[in-house]
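Written out below as structure tokens is the structure these notes cover.
The values are calculated or read from the model by the stated rules, or taken from the named source; none is laboratory data. Owing to the predicted nature of the structure, the values given are computational and were not obtained by experimental measurement. Note that each Cβ is placed from the backbone with ideal geometry, even for glycine, and that neighbours are counted across all protein chains shown. Calculation scope for accessible area: heavy atoms of the full protein, side chains included, ligands and nucleic acids excluded. Shrake-Rupley method; radii C 1.70, N 1.55, O 1.52, S 1.80 Å.
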Amino acid sequence: MNQQSLTVCVIGGGIIGSWAALHLAEAGVRTTLIEQFPMPHTRGSSHGLSRAFRLLGELELDRLDYSLERWQALETVTGETLFIKTGLLNFGPPGDPDLEKYMTVLREGGRPFEWLESDTIASRFPMLAYPSEWGAAWDPNGGILIAHRCLNAVQSRFLTLGGRIITGRVESVHSQPGTGVRIEVGTATTDTTEVLSFDRTVVCAGPWTAGLLPQLAGLLSSLLTPVTYWRDPSGSCSVSNGLPILFNARLTGIYGLPSCEYPGLVKMLYHGGPETDPDARDLVSFKPYVKKVRRYVREHLPLLDHRKPAILETCMYTMSPDSNPIIDRIADNLVIGCGFSGSGFKHSPATGRMLAALALGQDKTIPEGFRADRYVLERYQ
Ligand SMILES: Cc1cc2nc3c(=O)[nH]c(=O)nc-3n(C[C@H](O)[C@H](O)[C@H](O)COP(=O)(O)OP(=O)(O)OC[C@H]3O[C@@H](n4cnc5c(N)ncnc54)[C@H](O)[C@@H]3O)c2cc1C
């Protein structure tokens, strides 16, 4: 079947599904993106105002290079700022094996980085207070992706290229070998269920994926993550005053972004949270996690008002057993992209490219760095 006559449906209008849909539309494929909530919404994992982009902390640079190029190309098309370079500090004791590994990736990739001793950190970033026995790896290419603008830009480009977006909740997905995929879509406005058929389907339903695909039940867990903002009376912890992204999740579970979206408020996050059903997420308490973040703010960002967060928001992670995504074709016409475990936004353009290649049967011809071989479902079996 030639590509132009193919029909493909992508389930899930988060950043992963949106990039998959855009790559399919760019390939000239008739593509439909189905999202359960009217967009923009704040119920999944891709909403909000900022996400960290980094080279340090990743094992593959090709996908990040491609992704940054795509983000910047979108900036040109939309005339909007989607990426703000701030640099990133990843903390740890000297000789930390993980940091050594990540610095080796950058060294071998010919990318800039520095190892900073604690006194250098103290002089360069006086707003920070870290134990003298710690240092940090500095990634000058780290920065902030303006999440909601990024998502909107990808979807607008998709529509410009002739893509179609349907608002409706997919109730079931039936893959029929060799013939196509039948899906039932419930439409909230009309309270009716419609049956649609496509040649191929890509499922990127985030925290709802296991609910939609029983073969993933028990494998994925969805977590409610607290997003806290702390008042900065000194004004020193902003992008313009040079506070970089702070990455300390490996050792403390905490990471943070300089004040950007809410002037004078620094965003601090816990890399995790209580497990929850995505449809019942507001019933779960995450107080203990906010307490951990508060303690961290009090100790390491002493200029911030650590009495209590000025703003408290929530978001969702979809965790896989090894914190690496599942990017795979699970039937000849059914592809999945899920389990990004709190780290999928930065390289979502590359993930979209990988998913589109799997849907079009081009996954063996795609460049090595974009092969999904190590993200297959069967690695857990
Ligand atoms: C607080 C927080 C901070 C993060 N920070 C970073 C960071 O700094 N850097 C980084 O790279 N990543 C970060 N991430 C991770 C990143 O945001 C996620 O990996 C990414 O957004 C996952 O996107 P997704 O499209 O898979 O999921 P989602 O955005 O959840 O999209 C899934 C979509 O599918 C829809 N859907 C589900 N079921 C159905 C159905 N049955 N029918 C129709 N539609 C359906 C949902 O409504 C949703 O819109 C962070 C995540 C969180 C929560």
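Round to a whole number: what % of the accessible area of segment 238-308 belongs to carbon and sulfur, probe 1.4 Å? Don't skip to the end; give the middle numbers.
Working: 1760 of 3380 Å².
The C+S portion of the solvent-accessible surface of segment 238-308 is 52 percent.
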Original post:
What nm distance separates the two modelled labels at Asn241 and Glu114, each placed 7 Å from Cα along Cα→Cβ?
Top reply: 2.1 nm
Original post:
Amide H to amide H under 5 Å from Leu6: which residues, 5+ apart in sequence or cross-chain, H placed 1.01 Å off N in plane?
Top reply: Arg30
Original post:
Under a 1.4 Å probe, what is the accessible area of segment 56-146 per residue, stated in Å²?
Top reply: 44 Å²
Original post:
Amide H neighbours of Val170 under 5 Å, counting only residues 5+ apart in sequence or on other chains, H built in-plane at 1.01 Å?
Top reply: Gly186
Subject >> Probe 1.4 Å, accessible area per residue of segment 159-208, Å² >> reply: 52 Å²
Original post:
Amide H of Ile330: which non-local residues (sequence gap of 5 or more, or other chain) have their own amide H closer than 5 Å, using H built in the peptide plane?
Top reply: Val335, Ile336
Original post:
Can you tell me the accessible area per residue over segment 239-308, all protein chains present, probe 1.4 angstrom, in square angstrom?
Top reply: 48 Å²
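For a quick protection proxy, order the peptides 231-242, 335-346 by their average other-Cβ count within 10 Å, most packed first.
Numbers: 231-242: 16.8, 335-346: 24.8.
Per-residue mean Cβ counts within 10 Å order the peptides as 335-346, 231-242.
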Original post:
Under the Karplus relation 6.51 cos²θ - 1.76 cosθ + 1.60, θ = phi - 60°, what is the ordered set of whole-Hz ³J(HN,Hα) values for segment 243-258, x standing for Gly and Pro?
Top reply: 6, x, 5, 10, 10, 9, 4, 4, 9, 10, x, 10, 8, x, 10, x
Subject >> Accessible surface of Thr365 - all protein chains present, 1.4 Å probe, nearest 10 Å² >> reply: 120 Å²
Original post:
Taking θ as phi - 60°, what are the ³J(HN,Hα) couplings along segment 366-381 by the Karplus curve (6.51, -1.76, 1.60), each to the nearest whole Hz, with x for Gly and Pro?
Top reply: 6, x, 2, x, 10, 6, 9, 3, 8, 10, 6, 4, 5, 5, 8, 8
Subject >> Charged-residue dipole, Cβ positions (Lys, Arg, Asp, Glu), segment 157-265 about Cα centre, Debye nearest 20 >> reply: 260 debye
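Looking at this model, which pairs from Lys292/Lys346; Lys85/Lys287; Lys267/Lys287 are more than 28 angstrom apart at the alpha-carbon? All intermediate terms of the calculation are to be shown ahead of the outcome.
Numbers: Lys292/Lys346 25 Å; Lys85/Lys287 32 Å; Lys267/Lys287 17 Å.
From Lys292/Lys346; Lys85/Lys287; Lys267/Lys287, over 28 Å: Lys85/Lys287.
Restricting to DSSP H runs of at least four residues, report the calculated mean residue ellipticity at 222 nm for the chain, -39500 (n - 2.57) per run over all residues, nearest 500 deg cm²/dmol. Write out the running numbers ahead of the final one.
Working: 9 runs with 96 residues, N = 381.
Theoretical 222 nm ellipticity from helices: -7500 deg cm²/dmol.
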Subject >> Accessible heavy-atom area order of Leu283, Leu312, highest first, probe of 1.4 Å >> reply: Leu283, Leu312
Subject >> Cα Rg, Dmax (largest Cα-Cα span) when computed across the chain, Å >> reply: 21.0, 64
Original post:
Sorted by mean Cβ packing within 10 Å, highest first, what order do the peptides 251-258, 214-221 take?
Top reply: 251-258, 214-221
Original post:
Could you give me the ³J(HN,Hα) list for segment 151-168, computed from phi with Karplus coefficients 6.51, -1.76, 1.60 and θ = phi - 60°, whole Hz, x at Gly and Pro?
Top reply: 4, 4, 5, 5, 5, 5, 4, 4, 5, 4, 8, x, x, 10, 10, 10, 9, x
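Could you tell me what percent of the accessible area of segment 86-217 is made up of carbon and sulfur, with a 1.4 Å probe and every protein chain present?
On the way: 3060 of 5990 Å².
Carbon and sulfur: 51 percent of the exposed surface of segment 86-217.
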**OP:** Send over the semi-axes of segment 71-209's equivalent ellipsoid, whole angstrom and largest first, taken as the square roots of 5 times the C-alpha gyration tensor eigenvalues.
**Re:** 46, 19, 16
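From largest accessible area down, sort Tyr380, Tyr296; use a 1.4 Å probe on the protein chains. Walk me through the numbers before you get to the answer.
Working: Tyr380 60, Tyr296 15 Å².
I get Tyr380, Tyr296, largest accessible area first.
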Original post:
Which is farthest toward the positive dipole end of the chain among Ala359, Val10, Cys237, measuring Cα position about the Cα centre, with Cβ charges +1 (Lys, Arg) and -1 (Asp, Glu)?
Top reply: Cys237
